[in-house]
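Shown next, in structure tokens, is the structure this report addresses.
Values in this text are rule-based calculations from the coordinates and carry no lab data. Keep in mind that this is a model prediction, so the values were computed, not measured. Heads up, the Cβs are rebuilt from the backbone with ideal geometry, glycines too, and the neighbour counts pull from every protein chain shown.
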Amino acid sequence: MTKRKYRGTAQAEVAALTRQRIIEATLALSTDHWIDEITLDQIAAKAEVTVQTILRHFGSKDGLAATAARMGSHAVNQQRNAVIAGDLDDIVANLLDHYEQVGDRVFRTLAQEELFPQLKEFLQEGRNFHRQWVERVFEPWLGALQGDARERRIVHLITACDVYTWKLLRRDLALSSEQYRLTLFEMLTALLSRPPGE
């Protein structure tokens with residue numbers, strides 16, 4: 001009985017590690033490729049498994065994509081939530097680390113939202129999280145604001161901290177990561193120092 005239990009536990013651990021390897025391979029490929037370009041053969045090769053193994057674990061490519069998106073989102077949320085609310089240096093450093101790691105993948109996913117309806121719910125959850133994050137980490141500056149003035153300030157902060165802003169500065173304008181950090185810090189400092197209602 002003990003041997004059988006041990007064997008079952010070991011098999012479960014191997015299965016979990018295999019699933020994780022497949023998910024990591026999928027996320028890695030999605031950084032540089034569009035969803036419809038990625039094949040199960042590519043994922044299998046990168047994860048060092050067979051296509052049949054992928055299908056056994058996830059049922060289909062869509063099932064794998066949805067699971068990978070969720071796992072990627074969970075890791076992102078953990079990283080973003082580690083920031084110290086009210087500490088502007090930490091907020092900017094957190095965003096810089098976040099977008100340098102996953103910004104290209106996030107932007108590529110957003111660009112495919114209309115092509116893959118299954119992404120809509122997941123991406124809306126991401127937008128909701130981003131707003132909640134902004135409200136939490138900037139609360140020391142938002143506390144005195146009410147009504148429309150508070151909402152406008154939140155919208156300004158959401159925009160400054162968004163992946164589209166990172167892409168504009170880092171990819172389109174070709175700023176270095178340090179230049180992005182300084183620019184974002186200056187933008188946020190200017191926003192947060194404005195009197196209520198402006």
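One line per residue, one yes/no per condition, for (1) surrounded by fewer than 17 Cβ atoms within 10 Å (Cβ to Cβ); (2) at negative phi; (3) among the aromatic types (F, W, Y); (4) within 21 Å of the chain's Cα centre (by Cα):
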position	(1), (2), (3), (4)
E121	yes, yes, no, yes
E125	yes, yes, no, yes
Q132	yes, yes, no, yes
A144	yes, yes, no, no
R150	yes, yes, no, no
Y180	no, yes, yes, yes
Considering only region 50-73, how many residues are more than 17 Å from E37 (Cβ to Cβ) and under 17 Å from the mean Cα position of the chain (by Cα)? 6
Contacts under 7 angstrom Cβ, first residue in region 41-62 being in contact (Cβ under 8 Å) with a residue 40 or more places away in the chain, partner buried (at least 18 other Cβ atoms within 10 Å of the Cβ) and among the β-branched types (V, I, T), 6 or more apart: H57/I22
